[in-house]
Amino acid sequence: MQNEVIAYSDGMTTIDTQSVLFPNNFKEILFDNSNDALHLIRHSTAHVMAQAIKELYSDVKFFVGPVIENGFYYDFRVSEKINDTDLKTIEKKMQDIVKKKLCIEKKEMSKKMVLEKFKNDDLKQEVLLRIFDEKISIYKQGDFEDICRGPHVPNTKYLRFFSLMRVAGAYLGGDENKEMLTRIYGTAFADKQSLFDYKKMIEEAKKRDHRKLGREMKLFAFDETLGIGLPVWLPNGAKLRSKLERLLYDAHRIRGYEPVRSPEILKSDTWKTSGHYENYGENMYFTQINEGDEINQKISEYGMKPMNCVGHIKIFQSEPRSYRDLPIKFFEYGIVHRHEMSGVLHGLFRVREFTQDDAHIYCMPEQIKENIIEILGFVDDIMKTFKFEYELVISTKPEKKSIGDDKFWKSATDGLRDALDENKLSYKIDEGGGAFYGPKIDIKILDALKRRWQCGTIQIDYNLPERFKLEYTDANNEKQQPVMIHRAILGSFERFIGILTEHVAGEFPFFIAPIQVIIIPISQSHQNYAKELGHELITNGIDFEISSKNESLNKRIRNAEKMRVPMILVLGDEEIKQKTVSLRDRRERKQYNLTKCDFITIVKEKFSEVHF
């Protein structure tokens with residue numbers, strides 16, 4: 001079946017063979033592991049999964065079953081409790097369906113007819129509320145059919161290589177005020193080897209899971225008695241994070257950024273001016289404060305900041321600005337809060353409170369390109385230091401929620417393209433993926449398992465400067481409006497540390513490792529030398545611990561290795577006598593003796609690995 005035609009595409013639209021057999025000016029999509037083909041394979045496999053579930057559970061009702069990155073899922077309601085142990089049974093039923101080589105048929109009906117057809121299915125009625133087309137397509141294979149825009153493969157024979165991954169719960173339509181449905185995640189490929197490789201990668205990802213490593217290495221914790229989605233940083237995690245913050249602080253200052261701080265809670269009137277209240281309000285936390293007294297009450301609404309930009313705008317407005325001052329660069333490790341539904345919270349990757357490495361640049365329009373280029377250089381330096389590959393994606397104006405005139409959007413988008421084109425940097429386009437106030441360059445990093453993660457972003461914004469009436473005086477002593485560039489490179493410290501933890505499997509680079517050196521004195525008589533050495537390390541900015549528990553030497557070494565400490569020093573009589581150390585270098589996989597002075601020199605040189 002390899003290289004058989006399963007659909008057609010013009011680069012923007014995909015049409016399956018059920019819709020038209022030979023469309024003009026469309027290229028063929030072949031049955032393989034290309035992105036276009038996998039989208040069809042996975043979409044159709046989701047329907048096969050639903051058909052299998054229907055055959056196994058007679059009272060099931062289905063909501064939606066979309067394709068997602070690396071796979072698919074289906075949401076449904078069923079009276080029986082389904083868990084991960086049931087997935088093999090569902091997979092077996094799916095294999096039986098695939099073997100029947102059922103044709104996947106498409107038919108179109110009026111919305112009125114579809115409403116009547118599914119009048120007794122409340123979940124399908126929910127789906128239809130979200131569809132505004134007068135013509136609606138239904139896809140059918142065997143005795144299973146569902147409302148679906150498609151596209152799909154022509155026959156279930158193309159769907160042999162799949163795996164169901166896990167069972168989860170999901171609120172109906174993502175609304176936490178509605179009922180919880182059952183969701184099953186799965187994936188599918190065009191061949192057996194690709195499926196095998198993916199499952200092997202998933203197993204490796206489980207070993208690297210930052211939540212597991214975070215517990216083992218005592219980096220962070222979550223305590224639901226404090227609140228859901230609110231990480232607590234333990235001493236080891238706080239050490240790691242503070243090292244990263246200090247390095248970035250120096251890197252910002254070298255590049256001309258000025259540190260600032262803005263409030264975490266602002267009056268709602270400010271968020272209305274910015275457009276956040278209307279376009280982002282569902283993601284914000286609001287509260288009311290009585291600003292009067294017992295007699296004359298004055299109730300004001302405040303919103304916790306989901307972004308730092310408004311505070312930085314007010315800092316820009318704190319004094320008159322001249323063209324000679326531009327560009328002005330403010331940066332802040334800004335704590336923000338966003339109302340994320342509990343179902344999407346995931347370790348450090350998705351939390352309700354996080355800290356952005358946020359910066360805002362105010363410049364003249366003709367300075368946009370040079371500042372974008374400077375930021376991209378900054379990005380490259382950081383990614384190389386942590387050995388991340390990365391991709392650049394330009395995200396354009398959203399279809400629904402956006403503010404500002406189209407001419408501003410076009411000018412801003414062209415500015416981003418020009419900066420990337422001039423530097424011969426490759427990029428992709430994400431149509432409609434921009435922020436509500438401007439287009440952006442998204443920085444997607446690839447980890448050691450070749451997974452893509454959204455981290456940093458660079459956004460061009462004409463809209464907020466206009467809304468807040470920002471101005472500077474030009475060379476002719478006339479008032480002009482600056483352009484605002486929003487910029488975060490890590491995205492957030494939480495998410496970046498989670499990704500980095502999995503990327504390096506907890507083997508952090510020496511310069512940010514929570515504990516960089518563990519000193520193991522063989523016996524009590526070696527304690528003083530251990531303390532002397534520890535004092536020299538801490539005065540040179542190196543975090544250490546002395547392992548002196550009443551345990552065997554081998555067990556203390558194993559514990560240090562479990563904590564993934566880069567360097568282990570074993571101290572005995574000979575080391576005291578010669579003023580040396582016995583070094584086990586975990587990163588270089590070497591073991592050797594050297595003088596105390598040489599060791600201090602080596603660890604200080606480790607900071608030369610930082611390229612930003």
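The values are calculated or read from the model by the stated rules, or taken from the named source; none is laboratory data. Predicted model, so just to flag it, every value in this text is computed and none were measured. Cβ sites come from the backbone with ideal geometry, for glycine too, and all protein chains shown count toward neighbours.
For the reader, a short list of remarks on this structure follows.
- Scope segment 57-98; condition closer than 18 Å to residue 172 by Cα and over 30 Å from the mean Cα position of the chain (by Cα); matching residues: 59, 60, 61, 78, 79, 80, 81
- All told, residue 202 falls short of being surrounded by fewer than 12 Cβ atoms within 10 Å (Cβ to Cβ), without any contact (Cβ under 8 Å) to a residue 60 or more places away in the chain and among the β-branched types (Val, Ile, Thr).
- Complete set of residues in segment 541-561 that are touching a helix residue (DSSP H, G or I) at 6+ places or on another chain (Cβ under 7 Å) and either modelled with pLDDT of 90 or more or surrounded by 15 or more Cβ atoms within 10 Å (Cβ to Cβ) (or both): 542, 543, 544, 546, 547, 548
- Extreme residue, surrounded by the most Cβ atoms within 10 Å (Cβ to Cβ), among residues of segment 298-346 that are of a type in the set (D, E, K, R) and closer than 28 Å to residue 471 by Cβ: 305
- Of all residues in segment 210-233 being closer than 25 Å to residue 304 by Cβ and not in a strand (DSSP E or B), the one that is modelled with the lowest pLDDT: 224
- Unique residue being over 28 Å from the mean Cα position of the chain (by Cα) and more than 23 Å from residue 369 (Cβ to Cβ) when the list is 506, 534, 498, 491: 534
- Each residue in segment 120-142 was checked for being at negative phi, touching a residue at least 60 places away in the same chain (Cβ under 8 Å) and not hydroxyl-bearing (Ser, Thr, Tyr), and 7 pass.
- Any chance residue 429 is of a type outside the set (Lys, Arg), assigned by TED's automatic domain parsing to the domain that holds residue 315 and surrounded by 18 or more Cβ atoms within 10 Å (Cβ to Cβ): no
- Residue ranges of strands (runs of 3 or more DSSP E) in segment 446-531 with at least 1 members within 30 Å of residue 546 (Cβ to Cβ) and assigned by TED's automatic domain parsing to the domain that holds residue 544: 517-521
- Under the condition of being in a loop (DSSP other than H, G, I, E, B) and either modelled with pLDDT of 90 or more or more than 31 Å from the chain's Cα centre (by Cα) (or both), the residues counted in segment 1-21 number 9.
- For residue 82, the conditions (1) farther than 17 Å from residue 138 by Cβ; (2) assigned to a helix (DSSP H, G or I) all hold with the exception of (2).
- Subset tally (residues that are surrounded by 15 or more Cβ atoms within 10 Å (Cβ to Cβ), among the basic types (Lys, Arg) and in contact (Cβ under 8 Å) with a residue 60 or more places away in the chain) for segment 248-291: 1
- Unique residue being crowded, with 18+ Cβ neighbours inside 10 Å and either in the same structural domain as residue 96 (by TED's automatic domain parsing) or on the phi > 0 side of the Ramachandran plot (or both) when the list is 40, 21: 40
The rows are residues; the columns are (1) at pLDDT 95 or above; (2) part of a strand (DSSP E or B); (3) surrounded by 20 or more Cβ atoms within 10 Å (Cβ to Cβ); (4) out of contact with any helix residue (DSSP H, G or I) (no Cβ under 6 Å at 6 or more places or on another chain).
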{"position": "164", "(1), (2), (3), (4)": "yes, yes, yes, no"}
{"position": "188", "(1), (2), (3), (4)": "yes, yes, yes, no"}
{"position": "195", "(1), (2), (3), (4)": "yes, no, no, yes"}
{"position": "206", "(1), (2), (3), (4)": "no, no, no, yes"}
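- With respect to being in a strand (DSSP E or B) and within 29 Å of residue 480 (Cβ to Cβ), residue 419 falls outside the description.
- The residues of segment 501-555 that are over 30 Å from residue 208 (Cβ atoms) and of a type in the set (Gly, Ala, Ser), listed by number, are 523, 525, 530, 534, 548.
- Screening residue 225 against (1) over 23 Å from residue 330 (Cβ atoms); (2) in contact (Cβ under 8 Å) with a residue 60 or more places away in the chain leaves a single unmet condition, (2).
- Selection over segment 394-416 of residues that are charged (D, E, K, R) and surrounded by 16 or more Cβ atoms within 10 Å (Cβ to Cβ) gives a count of 1.
- Qualifying positions in segment 150-161 - closer than 19 Å to residue 193 by Cβ, of a type outside the set (Ser, Thr, Tyr) and crowded, with 23+ Cβ neighbours inside 10 Å: 159
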